[in-house]
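First comes the structure, then the notes that go with it.
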Amino acid sequence: MLDTPAAAVPTLSLADQARDPDAFAAALGGSFERFGFAIVADHGVPQPLIDHAWAQTEALFALPEDEKRRYHVSGGGGARGYTPFKTEIAKDARHVDLKEFWHVGRELAAGHRYAGEMAPNIWPDRPKGFRDTFIELFAAFDRAGDRLLSAIARHLGLAPDWFDPAVKDGNSVLRLLHYPPIPADAEGVRAGAHEDINLITLLLGAEEAGLELLDRATGQWLAVKPPQGAMVVNVGDMLQRLTNHVLPSTTHRVVNPPPERRGHSRYSMPFFLHPAPDFLIETLPQTITAENPNRYPEPITANGYLHQRLVEIGLIKA
Ligand code: OGA
Ligand code: NI
């Protein structure tokens with residue numbers, strides 16, 4: 001585990017996009033085509049906001065277990081609020097993941113047309129200021145996500161604003177993750193091998209080791225090691241499906257730490273960028289060729305697809 005080689009995923013600067021959007025799009029698209037992953041520095045999410053969010057995340061998970069469980073919605077699929085330790089299981093995995101998490105969704109106006117598919121947020125009584133912090137952070141992730149999607153659109157030969165209507169009022173989820181210290185005899189891993197369901201994932205916190213991707217070229221696990229403050233961005237299954245696998249959703253996992261880090265918690269914050277629930281995931285014609293015929297002749301709505309996948313990972317019953 002200690003010697004897992006590092007993936008040669010380049011670190012890109014999102015600040016370069018303004019100067020040369022085509023070059024940034026080519027670099028991001030190239031990294032995705034090779035690894036399904038990219039590392040993005042200068043992503044525009046303010047560092048003081050991130051620091052504050054880490055402090056609040058630690059305070060949240062440090063609350064007494066019975067207090068946290070008051071924010072667990074049974075039958076809610078973990079869509080909002082708290083999901084206890086050892087609930088989620090990666091598809092086809094033998095052991096549950098060694099993590100607990102909290103989900104923040106989009107705040108919708110009362111009576112919004114997506115209110116049926118996107119549950120209202122749950123906010124904890126403490127730590128104080130939690131709601132304001134995470135509403136602000138959600139908006140900052142949204143902005144970074146829009147910029148990345150516009151680069152992806154360029155790379156695919158679409159209009160740079162192609163994704164704007166697809167993700168407007170989209171069903172994105174900000175996940176606060178806590179992987180507690182690991183006893184020496186722990187069964188299972190922090191997060192079993194899986195693919196993300198959504199369009200793209202923007203992840204903060206991967207400086208603490210553990211994240212690995214399964215390299216499609218060699219079949220080897222490779223460590224993902226972002227420099228301090230950079231975001232790890234990966235393609236999810238919805239974007240893979242939309243692009244007929246031109247942009248691949250890459251299997252990844254979070255392995256347990258070496259003995260000297262076992263006593264430490266690991267915290268991370270993935271922002272799962274989802275389309276609007278009624279967005280139709282229909283293979284983009286420019287990704288269909290003689291060598292790569294349409295793998296998904298049947299389109300599916302984002303909400304229909306999400307439901308299928310949440311059943312598979314044990315978060316909702318069929
Ligand atoms: C996830 C995930 C990685 C991490 O939550 O889907 O892959 O570093 N997290 O926590
Ligand atoms: Ni993931």
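The values are calculated or read from the model by the stated rules, or taken from the named source; none is laboratory data. All of these numbers come straight from a predicted model, not from anything done at the bench. Counting neighbours? That spans all protein chains shown, and the Cβs are built from the backbone with ideal geometry, glycine included. Accessible surface areas use protein heavy atoms only, side chains included; no ligands, DNA or RNA. Shrake-Rupley method; radii C 1.70, N 1.55, O 1.52, S 1.80 Å.
Looking only at residues that are open to solvent by 60 Å² or more (accessible area, probe 1.4 Å) and within 12 Å of ligand 1 (Cβ to nearest atom) in region 196-221, which one is nearest to H252 (Cα to Cα)? The qualifying residue nearest to H252 (Cα to Cα) is A209.
Would you mind telling me which numbered condition in (1) among the polar types (S, T, N, Q); (2) within 16 Å of ligand 1 (Cβ to nearest atom); (3) assigned to a helix (DSSP H, G or I) T87 fails? (3) is the only condition that T87 fails. Given the criteria out of contact with any strand residue (DSSP E or B) (no Cβ under 6 Å at 6 or more places or on another chain) and either open to solvent by less than 10 Å² (accessible area, probe 1.4 Å) or at pLDDT below 95 (or both), does P293 qualify? It is false that P293 is out of contact with any strand residue (DSSP E or B) (no Cβ under 6 Å at 6 or more places or on another chain) and either open to solvent by less than 10 Å² (accessible area, probe 1.4 Å) or at pLDDT below 95 (or both). Looking at F130, F101, just one residue is modelled with pLDDT of 95 or more, of a type in the set (F, W, Y) and either open to solvent by 10 Å² or more (accessible area, probe 1.4 Å) or in contact with a Leu (Cβ under 6 Å, 6 or more places away or on another chain) (or both), and that residue is F101. Inside region 20-30, residues that are crowded, with 22+ Cβ neighbours inside 10 Å and closer than 14 Å to V235 by Cα make up a count of 1. Within region 104-127, the set of residues being in a loop (DSSP other than H, G, I, E, B), surrounded by 14 or more Cβ atoms within 10 Å (Cβ to Cβ) and among the hydrophobic types (A, V, I, L, M, F, W, C) comprises L108, M118, A119, I122, W123. For region 245-264, residues that are closer than 30 Å to P285 by Cα and either at pLDDT below 95 or among the small types (G, A, S) (or both) total 1.
Being touching a strand residue (DSSP E or B) at 6+ places or on another chain (Cβ under 7 Å) and either in a strand (DSSP E or B) or within 30 Å of A153 (Cα to Cα) (or both) is the filter here; which residues of region 241-267 pass it? Before you say what the answer is, go through the steps one by one.
Quick first cut of region 241-267, residues touching a strand residue (DSSP E or B) at 6+ places or on another chain (Cβ under 7 Å) only: 241-242, 247-255, 265-267.
If the condition is that a residue be touching a strand residue (DSSP E or B) at 6+ places or on another chain (Cβ under 7 Å) and either in a strand (DSSP E or B) or within 30 Å of A153 (Cα to Cα) (or both), then R241, L242, L247, P248, S249, T250, T251, H252, R253, V254, R266, Y267 are the ones that fit.
Picking from residues in region 227-237 that are of a type in the set (A, V, I, L, M) and more than 13 Å from ligand 2 (Cβ to nearest atom), the one that is surrounded by the fewest Cβ atoms within 10 Å (Cβ to Cβ) is A230.
Might you let me know whether region 292-310 holds any residue that is within 16 Å of ligand 2 (Cβ to nearest atom), in a loop (DSSP other than H, G, I, E, B) and either touching a Cys at 6+ places or on another chain (Cβ under 6 Å) or touching a residue at least 24 places away in the same chain (Cβ under 8 Å) (or both)? Checked against the condition, which is being within 16 Å of ligand 2 (Cβ to nearest atom), in a loop (DSSP other than H, G, I, E, B) and either touching a Cys at 6+ places or on another chain (Cβ under 6 Å) or touching a residue at least 24 places away in the same chain (Cβ under 8 Å) (or both), region 292-310 yields no hits at all.
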